[in-house]
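The structure under discussion appears below in the form of structure tokens.
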Amino acid sequence: MSEARYRSSALEQLSAVGFKLLDLHLYLDTHMGDQAIQNLYRRTQTQYEALKNEFEAQYGPLSISGAAGGAEWLKDPWPWDLEEAM
């Protein structure tokens with residue numbers, strides 16, 4: 001699998017787990033006593049953080065809050081400088 005395809009796949013998986021996390025959060029807004037869903041929410045949150053950390057370690061921060069160490073995002077290469085188009 002090409003690097004661009006792997007990156008796209010990893011980001012898609014992260015997005016899917018993020019959507020699941022948001023959906024569970026919305027459900028819990030109206031069903032606070034549902035212990036099974038609270039447990040699922042915590043497991044999904046752990047899964048999301050692991051995927052996010054893995055993605056950011058390999059490709060860089062997803063958001064400004066993920067940019068540790070200041071201006072790491074200023075370092076080359078910029079996304080449009082990469083030879084392989086996504």
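Only the coordinates and a few stated rules stand behind these numbers; no lab work does. As the structure is a computational prediction, the values presented were derived from the model and not from experiment. When we count neighbours, we look across all protein chains shown, and the Cβ atoms used for this are built from the backbone with ideal geometry, even at glycine.
Ranked by how many other Cβ atoms sit within 10 Å of their own Cβ, fewest first, the residues His31, His25 fall in the order His31, His25. P(r) for segment 3-64, from all Cα pairs and a bin width of 5 Å, is 4, 18, 24, 20, 14, 10, 7, 3, 1 %, short bins first.
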